[in-house]
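Before any comments, here is the structure.
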Amino acid sequence: MSDASNPIKITTSTRNGRTYASSGSAWEPKMGYSRAVRAGNTIAVTGTVGVNSDGTYDADLGKQTARSLAIVLEAIKALGGRPEDVIRTRMFVTDVTQWQAVAAVHGAVFGEIRPATSIVEVAKLIDAEAKIEIEADAIVS
């Protein structure tokens, strides 16, 4: 889902019997987390905003949703998973009245997979320009 003008770079490392994925976000070392972690056949992806590779955000919620999901799926792929392995997504939005823009993108990606999902309005996200943050869980079969 990444394109050449807006690449997604995921690196992995293994320790303590787990495999970790990093997107290179400055927040990861500051807050002490990984973009995603695989333990056994389970992958958990941390809350992921739709930030572009140059650090900017598109003003459009649908485009932020697509970018966020692209990063989530690249992290899952880097850990040996596929979109079909996703069993749950959680979406946090700053304006739930725009849910249809989120639903259109989520549905395009997961329409046949049909994971359990939630969409919740929050007052704000850590970055003021971010309008959505998505978490995902996958079980690799």
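The values are calculated or read from the model by the stated rules, or taken from the named source; none is laboratory data. Everything numeric here is computed off the predicted structure, so don't read it as measured data. Cβ: placed from backbone, ideal geometry, glycine included. Neighbour counts: every protein chain shown.
Restricting attention to segment 50-82, the residues that are more than 13 Å from the chain's Cα centre (by Cα) and among the β-branched types (Val, Ile, Thr) add up to 1. The set of residues from segment 72-98 being crowded, with 19+ Cβ neighbours inside 10 Å, β-branched (Val, Ile, Thr) and within 11 Å of ALA136 (Cα to Cα) comprises VAL72, ILE76, VAL86, THR89.
Please verify whether segment 126-136 includes one or more residues that are in contact with a Ser or Thr (Cβ under 6 Å, 6 or more places away or on another chain), surrounded by 17 or more Cβ atoms within 10 Å (Cβ to Cβ) and farther than 18 Å from GLY50 by Cα. No, there is no match, as no residue in segment 126-136 is in contact with a Ser or Thr (Cβ under 6 Å, 6 or more places away or on another chain), surrounded by 17 or more Cβ atoms within 10 Å (Cβ to Cβ) and farther than 18 Å from GLY50 by Cα.
Residue count for segment 99-115, restricted to those that are surrounded by 10 or more Cβ atoms within 10 Å (Cβ to Cβ), over 14 Å from THR65 (Cα atoms), over 15 Å from the mean Cα position of the chain (by Cα) and of a type outside the set (D, E, K, R): 1.
The residues of segment 1-59 that are β-branched (Val, Ile, Thr) and buried (at least 17 other Cβ atoms within 10 Å of the Cβ), listed by number, are ILE8, ILE10, THR19, VAL37, ILE43, VAL45, THR46, THR48, VAL49, VAL51. Under the condition of being farther than 22 Å from ARG82 by Cβ and of a type in the set (Phe, Trp, Tyr), the residues counted in segment 1-43 number 2.
Pairs meeting the criteria (first residue in segment 40-65 and over 18 Å from LYS77 (Cβ atoms) and assigned to a strand (DSSP E or B), second residue hydroxyl-bearing (Ser, Thr, Tyr) and at pLDDT 95 or above, beta carbons under 7 Å, at least 6 apart or on different chains) are VAL49/SER68. Scan segment 107-119 and tell me whether some residue there is part of a helix (DSSP H, G or I) and not small (Gly, Ala, Ser). Yes, because at least one residue in segment 107-119 is part of a helix (DSSP H, G or I) and not small (Gly, Ala, Ser).
GLU28 meets each of the listed conditions (1) more than 16 Å from the chain's Cα centre (by Cα); (2) not in a loop (DSSP other than H, G, I, E, B) apart from (1).
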